[in-house]
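What follows is a short report on a single structure.
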Amino acid sequence: MLTRTSHLGVTLVELLVGITIVAVAAALGLPSMSTFIQNNKISSVVGNYYAGLQVARTEAIRSNDPVEFVMTNATGVGAAPSPNGRNWVVRAVPLVGAPRLIEQKIAAEGEGSVGLAVQVTVLAAPAGFDGRITFTGFGVPTDNPYSLDVTNPTLGACAPGGPARCRRINVTSGGQITACDPAAPAAVGDTRAC
């Protein structure tokens, strides 16, 4: 009596067809993945700046002393402010005693801080802004409101005209800190809108 045995596996032709389908799908998705990664860098920087501003405001309220959020190119408690600084430092500036470092973030690509591709630009600030946002013991900035735009020139123009999903961080005169999307339509009730 003859028995039939079945062979499990794939032929070379089936394997080549499968590899070709995967390669075409990967090639079609690569540009979208690159845009996704660059937009995630923007979101990461916004998250870091937002957290730093919240730390400064919270520490000012807790200690009832002025606390500075400093955009800088240096590190440490004595870091000089720079409106285009790639790092940030939060430091307490008590009325009596020496300043003390509370927290800092050093720019490094891949850590979600201000990397080479992402730029933070001061959109609105009081005249003479030098890179410092100082919060009083009441948790409000000592000057008028601030707006910081976070863009990614690697991607090109911000949405809706380009692929970059740029963000804006606002610090109101009452101390509220918000992160929003300038391209989101406010008229339709989008909560991401500025």
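Quick rundown of the values:
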quantity: Region 63-94, residues that are of a type in the set (D, E, K, R) and more than 22 Å from VAL140 (Cα to Cα); calculated: ARG86
quantity: Test for THR178: is it surrounded by fewer than 19 Cβ atoms within 10 Å (Cβ to Cβ) and over 16 Å from GLY52 (Cβ atoms); calculated: no
quantity: Residues that are under 22 Å from PRO185 (Cβ atoms), modelled with pLDDT of 90 or more and part of a loop (DSSP other than H, G, I, E, B), drawn from region 126-171; calculated: none
quantity: Residue in region 21-42 that is touching a Lys or Arg at 6+ places or on another chain (Cβ under 6 Å), charged (D, E, K, R) and surrounded by 12 or more Cβ atoms within 10 Å (Cβ to Cβ) present; calculated: no
quantity: Index of the failed condition, VAL13 passing every other in (1) without any contact (Cβ under 8 Å) to a residue 24 or more places away in the chain; (2) over 21 Å from the mean Cα position of the chain (by Cα); (3) surrounded by 10 or more Cβ atoms within 10 Å (Cβ to Cβ); calculated: (3)
quantity: Options PRO94, PRO81: the member that is surrounded by fewer than 20 Cβ atoms within 10 Å (Cβ to Cβ) and more than 23 Å from ASN170 (Cα to Cα); calculated: PRO94
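The values are calculated or read from the model by the stated rules, or taken from the named source; none is laboratory data. Small disclaimer: the values here were computed from a predicted structure and weren't measured. Every residue, glycine as well, gets a Cβ built from its backbone with ideal geometry; the counts of neighbours run over all protein chains shown.
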